[in-house]
Amino acid sequence: MSWLGQPLVAPLSAGGLSFTYYVIAFILALLVLGAGLGVWWVRTDAGDQPVDSERLLNAFEEPVAVLDPSDDVLLANVPFRMIFGSEVEGDAAETVFEGHSDLVTAVADKEEITTELQNEGDTRTYQLRLYPIGAQPRPPRKWVVVLHDVTEHETRQRELEAENEQLEQFASLISHDLRNPLDVAIGRTNAIREMAEDPDLDAHLARTQDAHKRMQQIITDVLTLARGDQDVGELEAVPLETAAMDAWSHVDTNGATVSVETQLVIEANEQRLVRVLENLFRNAVEHGPDDVSIVVGSLDGEAGFFVADDGPGIDPTDRNAIFEAGYTAGDEGTGLGLAIVSGIAEAHGWTVSVTDSADGGARFEFTGVETAPDGRTAKTAE
């Protein structure tokens, strides 16, 4: 090789090496020396300095211990010692956790459990978790045992469960105690109206019947909210048209009409879906004109459905509040119907929102809806 006609490396002379070769040899020697110094520095300044493992573990406020492959305790921090004793290094986990068979089993099986332990005279709830040291598969391996204090969370969870149970019992009791006399009142009112010949008396009785119906709806809605809609159970393939027609049969429709413009089949709890549609239909009938028109259809471009009407619509300033329990725009509704719709939608994992319909009314849209698989769609739709 050459550079502009000159040799890149001077050729060897008969009597010895050229100056260029001495320079190259000197550079290689410096590189070797530098590498050696680097290795020496790593070993002396970093590699030979032991990591202060005990200080590292004590940085954790929760009880932490390290087990060897035989499940013997290698290290433990202060919070761990406060619960299980100060001298635990070298002891088997079975010995350290003596009297806590659930912990012994969890460590042996490398499982996560929740248990109660005494800590400075106070009973606390801990969640035990084990984390392997090193990437799998590399058995045998060491394990880090961490006890997460979940006392406050568990206490609050138990309180909520107790409150929900009491609320459901109260709602059921009130429902039962109210429905019996209400049924008697409805029956007597119907009987009197059949015998009444006075038009004014008949008008008063008709208003009384309307009040009875509203009371029945309030009782049903309160009971539904009290029991909650968080668990929809097992889902099934439900044709939206079938659910809509079922819901429509439960509504006092007056002169209103409904049309279903979709063949959509979705994964849902059929009874809860019918309740959603029933409440939306009733909302449209109660707040719209006598001949209000309601449409049920599929969303364009995404999985979901809508319920729209040509009534007066919902003021944009009220759209964030309509799904709250107790909100009502008039005297007809209970203020609970749309809250129930929102709860059932959330339990399914859906999102419900409201906007304007093409005719200026209200349009409720449900997104995040799963459609049924093709096989189940055909079978169910038949």
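The values are calculated or read from the model by the stated rules, or taken from the named source; none is laboratory data. Model, not experiment: these values are computed from the prediction. Ideal geometry is used to build each Cβ from the backbone, glycine not excepted, and the neighbour counts take in all protein chains shown. The area values use the complete protein model at the heavy-atom level, side chains included, leaving out ligands, DNA and RNA. Shrake-Rupley method; radii C 1.70, N 1.55, O 1.52, S 1.80 Å.
Below, the figures for the structure above:
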{"item": "Fully extended contour minus Cα-Cα distance, from R207 to E87, at 0.36 nm per residue", "result": "35.1 nm"}
{"item": "Nitroxide proxy distance, nm - points 7 Å out along Cα→Cβ at Q127 and E236", "result": "3.5"}
{"item": "Residue-normalised accessible area of segment 200-283, given per residue in Å² at a 1.4 Å probe", "result": "51"}
{"item": "Net lengthening on full extension, A358/M215 (0.36 nm per residue, minus Cα-Cα)", "result": "48.1 nm"}
{"item": "Angstrom value of the Kirkwood radius, inverse mean 1/r, which spans all Cα pairs in segment 199-315", "result": "15.9"}
{"item": "Cβ crowding within 10 Å averaged over residues, with 77-83, 201-207, 311-317 ranked highest first", "result": "77-83, 311-317, 201-207"}
{"item": "Theoretical FRET efficiency, 1/(1+(r/R0)^6), r = Cβ-Cβ of D200 and E159, R0 45 Å, to 0.05", "result": "0.25"}
{"item": "Potential lengthening between R55 and E152 on full extension [0.36 nm per residue; Cα-Cα distance subtracted]", "result": "32.1 nm"}
{"item": "Diffusion constant of segment 113-211 at 4 °C, which comes from Stokes-Einstein with the Kirkwood Cα-pair radius and 1.567 mPa s, µm²/s", "result": "65"}
